[in-house]
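The values are calculated or read from the model by the stated rules, or taken from the named source; none is laboratory data. If you're wondering where the values come from, they're calculated on a predicted model, not measured in any experiment. With ideal geometry, Cβ positions are generated from the backbone for all residues, glycine too; neighbour counts draw on all protein chains shown.
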Amino acid sequence: MRTPCLFALTLFILFGCGYPRRETHMTPAPPAITQAAKRPDGLWTVRVLGGETAEKKRSGMDWDTDGTGPDPFLRLYVNDRLVWESEVVYDSAKPAWNFTLPRNLQVGSDDNFRIEMWDRDTAVDADPMGRLSHMGLPSNALPDAQARLSLEMGTSVEIMVSAPTAHRGVGLYFELHKDALVVVEVEPRSPAGRAGLKPGDRIVGVGPERVQHMTGQEASSALSLASERGLTLTVADANGAERQLPLDKEPIWLVM
């Protein structure tokens, strides 16, 4: 009699409770919408172009004992929180990353911006190559212009900042239940986030339609289009009490 129980337990561990997880559809906002939208302060698209390392360690020793050159990578922090780490560029004193951060970076004038370059030694060990710490973005990081950031120890990094990228959509990740769309995660700077939706909320209605009377595909599609169509969500709390939440039509700002 234990076999069915063990089989059920194994399924639970592998697949959880079995409710499908979805996310609302999101598309890049057209330039006209992005330009007209209220842009959060200190929000930027950041592209890391490349850099240059010091020829040797501060001690005068070579970066790598085999003479192949350093293996640099970058770490980017905002207020001591690591927001991005680059790939390692092996055997190069002039690494090129040419990488745009996958989300906008928010750095206000009172935020500490810090970028560090490291030399990868092993999978768990690295040597510092230089760092720059600044309140807000460095003054030479001007929109749509290459900026050379001088780090300690004779290293440098080139970046380019530009206007932030915006998206259209609702900004929700949810589980699909028969009678509700249960919120799992909310993008903070989105219509869902600005409306006050939180993980655990049960969306039981989208506009005039109740989720229990819709197919899963219908409910998911209706939720994805709710902001664009100006639909109000009916949300139930843990006690079943319902409230109406209107969604704005402002863009989603994805932030690192």
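For the stretch 209-252, name all the residues that are touching a residue at least 12 places away in the same chain (Cβ under 8 Å), of a type in the set (S, T, N, Q) and more than 26 Å from R103 (Cα to Cα).
Of everything in the stretch 209-252, those that are touching a residue at least 12 places away in the same chain (Cβ under 8 Å), of a type in the set (S, T, N, Q) and more than 26 Å from R103 (Cα to Cα) turn out to be Q212, T232, T234, Q244.
Just to verify a result, which residue in the stretch 229-243, among those that are touching a Lys or Arg at 6+ places or on another chain (Cβ under 8 Å) and surrounded by fewer than 15 Cβ atoms within 10 Å (Cβ to Cβ), is modelled with the lowest pLDDT?
D237
Please give the strands (runs of 3 or more DSSP E) falling wholly within the stretch 81-160 in which 2 or more residues are in contact (Cβ under 8 Å) with a residue 40 or more places away in the chain and under 22 Å from the mean Cα position of the chain (by Cα).
Working: elements: 81-85, 96-100, 112-122, 125-135, 146-150.
Strands (runs of 3 or more DSSP E) meeting the threshold: 81-85, 96-100, 112-122.
Any idea which of E185, E158 is modelled with pLDDT of 95 or more, of a type outside the set (A, V, I, L, M) and closer than 20 Å to E242 by Cα?
Unique residue meeting the criteria: E185.
Is it true that some residue in the stretch 35-44 is assigned to a strand (DSSP E or B) and either assigned by TED's automatic domain parsing to the domain that holds I203 or touching a Pro at 6+ places or on another chain (Cβ under 9 Å) (or both)? So that I can check it myself, show each step before the final result.
First, pick out the residues of the stretch 35-44 that are assigned to a strand (DSSP E or B): 43-44.
Subset that is either assigned by TED's automatic domain parsing to the domain that holds I203 or touching a Pro at 6+ places or on another chain (Cβ under 9 Å) (or both): 43-44.
Checked against the condition, which is being assigned to a strand (DSSP E or B) and either assigned by TED's automatic domain parsing to the domain that holds I203 or touching a Pro at 6+ places or on another chain (Cβ under 9 Å) (or both), the stretch 35-44 yields at least one hit.
Can A145 be described as under 18 Å from L43 (Cβ atoms), surrounded by fewer than 18 Cβ atoms within 10 Å (Cβ to Cβ) and outside the structural domain of G230 (by TED's automatic domain parsing)?
Taking the combined requirement at face value, the residue satisfies it.
I'm trying to understand the selection: among the residues of the stretch 168-181, which are touching a Leu at 6+ places or on another chain (Cβ under 8 Å) and surrounded by fewer than 19 Cβ atoms within 10 Å (Cβ to Cβ)?
E175, the sole residue that qualifies.
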